[in-house]
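The values are calculated or read from the model by the stated rules, or taken from the named source; none is laboratory data. These figures come from a predicted structure and were not determined experimentally. Cβ: placed from backbone, ideal geometry, glycine included. Neighbour counts: every protein chain shown. These accessible areas exclude ligands, DNA and RNA; they are computed on the full protein's heavy atoms, side chains included. Shrake-Rupley method; radii C 1.70, N 1.55, O 1.52, S 1.80 Å.
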Amino acid sequence: MKISILDDYHDTIRTLACFSKLAGHEVEIWNDHVQDVEPLAGRLKDTEALVLIRERTQIRAPLLERLDRLKLISQRSVYPHIDIDACTRRGVVVSSGQHADTPSYAAAELTWGLVLAAMRQIPQQMHALKSGKWQIGVGSSLRGKTLGIFGYGRIGAVVAGYGKAFGMNVLVWAREASLARAHADGYVAARSKEAFFEQCDVISLHMRLVDATRGIVTASDLARMKPTALIVNTSRAPLIAPEALVRALNAGRPGMAAVDVYEAEPVLDLRNPLLMLDNVVCTPHIGYVTRDEYEIHFTDIFDQIVAYASGTPVNVVNPEVLRT
């Protein structure tokens, strides 16, 4: 098959052990990011199997209608960036394993790294030191403070464990089923969403972006946070109401933020409001970007291609396409 892989920014995929699974196929890898339909359609005009790296590129009907040879899209995890209905109409199989029992430890580790970086002002202190300044402020410890986990799923549960290991009191707010799992794991549920935002010293968001969670963190929620508190978002930017985070930070509640996700990516405009605030630690959506995570990630993706090529597609999210 003719396989195209998009958005491999660092030309890493061909160096992975699992890349050997594609032996015998014709593989083309693109290292830059292109979203415009015309150049994308030109690149992918002969593609039969398309590999996506998470949600870096939107695959919508105007593009799909130009890709007459496309048979398969193979990726991992959720797929809000793919027009599944358009794929079905075009006869394109979408395979996407949901790794139900495998949390992204890489994302959980980055979350904790951001917590430490923000609370101890590590990036700011480093920048000051390189500018010839010595100790520009006083950070905050974590032990004895309250860590709020908003959304107790696979990653949220891991981050809660990190908080416990650091001597923090863990408080959870989530759906009833998730709260039940948190309780079974020995954690306390907040008595209300309002109390959750008022009591926590650090709040970390861990939920999928669906219609029900879009804008679930409101301006009022943020205004309830302590002026010394930190909010961390390594999940999805639209979980927070549009523009609410920047306004809240400028108003002083919460006092800090650490983010790895943005409304529009990649972020290349240095005038982005979050990049201009001194009380924000920003990273470029690297939660899952580790070599170890890539091996897990692309093993699944390439196995899906091998399965399709052998006539037994797996993890198909639009099975009706197989009946046409």
> In the set Ala257, Ala251, which member is surrounded by 13 or more Cβ atoms within 10 Å (Cβ to Cβ) and at pLDDT 95 or above?
Replying inline: Ala257
> Quick one: in region 47-60, which of the residues that are in contact with a Leu (Cβ under 9 Å, 6 or more places away or on another chain) and part of a loop (DSSP other than H, G, I, E, B) is surrounded by the most Cβ atoms within 10 Å (Cβ to Cβ)?
Replying inline: Leu52
>> For region 144-167, give me each residue that is among the aliphatic types (A, V, I, L, M) and open to solvent by 10 Å² or more (accessible area, probe 1.4 Å).
In response: Ile155, Ala157, Val158, Ala165
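Being touching a residue at least 24 places away in the same chain (Cβ under 8 Å) and open to solvent by 20 Å² or more (accessible area, probe 1.4 Å) is the filter; apply it to region 180-195 and report the residue that is farthest from Thr146 (Cα to Cα). Lay out the reasoning, then the answer.
Initial filter on region 180-195 (touching a residue at least 24 places away in the same chain (Cβ under 8 Å)): 181-182, 185, 187, 190, 193-194.
Keeping just the survivors that are open to solvent by 20 Å² or more (accessible area, probe 1.4 Å) gives 181, 185, 187, 193-194.
Values: Arg181: 19, Asp185: 17, Tyr187: 12, Lys193: 15, Glu194: 15 Å.
So the residue we want is Arg181.
Go over the candidates Leu110, Leu63, Leu40, Leu116 one by one and state the one that is more than 17 Å from Phe298 (Cβ to Cβ), in contact (Cβ under 8 Å) with a residue 60 or more places away in the chain and not in a loop (DSSP other than H, G, I, E, B).
Values: Leu63 fails: in contact (Cβ under 8 Å) with a residue 60 or more places away in the chain; Leu40 fails: in contact (Cβ under 8 Å) with a residue 60 or more places away in the chain; Leu116 fails: in contact (Cβ under 8 Å) with a residue 60 or more places away in the chain.
Matching residue, one of Leu110, Leu63, Leu40, Leu116: Leu110.
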>> I'd like to verify a number: residues in region 68-86 that are under 18 Å from Val37 (Cα atoms), among the aliphatic types (A, V, I, L, M) and surrounded by fewer than 20 Cβ atoms within 10 Å (Cβ to Cβ), how many?
In response: 2
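Within region 270-305, count every residue that is of a type in the set (A, V, I, L, M, F, W, C) and touching a Lys or Arg at 6+ places or on another chain (Cβ under 6 Å).
First, pick out the residues of region 270-305 that are of a type in the set (A, V, I, L, M, F, W, C): 270, 274-277, 280-282, 286, 289, 296, 298, 301-302, 305.
From the residues that got through so far, the ones that are touching a Lys or Arg at 6+ places or on another chain (Cβ under 6 Å) too are 301-302.
Final tally of qualifying residues: 2.
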> Filtering region 87-112 down to residues that are in contact with an Asp or Glu (Cβ under 8 Å, 6 or more places away or on another chain), surrounded by fewer than 17 Cβ atoms within 10 Å (Cβ to Cβ) and not basic (Lys, Arg), which residue is modelled with the highest pLDDT?
Replying inline: Tyr105
>> Please count how many residues of region 177-228 are in contact with a Gly (Cβ under 7 Å, 6 or more places away or on another chain) and farther than 29 Å from Gly139 by Cβ.
In response: 1
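Would a scan of region 123-144 turn up a residue that is farther than 18 Å from Thr283 by Cα, charged (D, E, K, R) and in a loop (DSSP other than H, G, I, E, B)? Reasoning before the result, please.
Our first condition is that a residue be farther than 18 Å from Thr283 by Cα; within region 123-144, this holds for 128-144.
In the following step, the residues that additionally are charged (D, E, K, R) were identified as 130, 133, 143.
This time we only want the ones that are in a loop (DSSP other than H, G, I, E, B), so: 133, 143.
Yes; the residues of region 123-144 include at least one that is farther than 18 Å from Thr283 by Cα, charged (D, E, K, R) and in a loop (DSSP other than H, G, I, E, B).
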>> Tell me yes or no: at least one residue of region 273-284 is touching a residue at least 60 places away in the same chain (Cβ under 8 Å), surrounded by 19 or more Cβ atoms within 10 Å (Cβ to Cβ) and not in a strand (DSSP E or B).
In response: no
>> If I ask for residues that are assigned to a helix (DSSP H, G or I), open to solvent by 20 Å² or more (accessible area, probe 1.4 Å) and at pLDDT 95 or above, which ones from region 301-324 would you list?
In response: Asp303, Val306, Tyr308, Ala309, Pro319, Glu320
> Since Glu265 meets every condition but one in (1) modelled with pLDDT under 95; (2) buried (at least 18 other Cβ atoms within 10 Å of the Cβ); (3) not in a helix (DSSP H, G or I), which condition does it not meet?
Replying inline: (2)
> Any idea which residue in region 195-212 is nearest to Ser77 (Cα to Cα), counting only those that are among the β-branched types (Val, Ile, Thr) and modelled with pLDDT of 95 or more?
Replying inline: Ile203
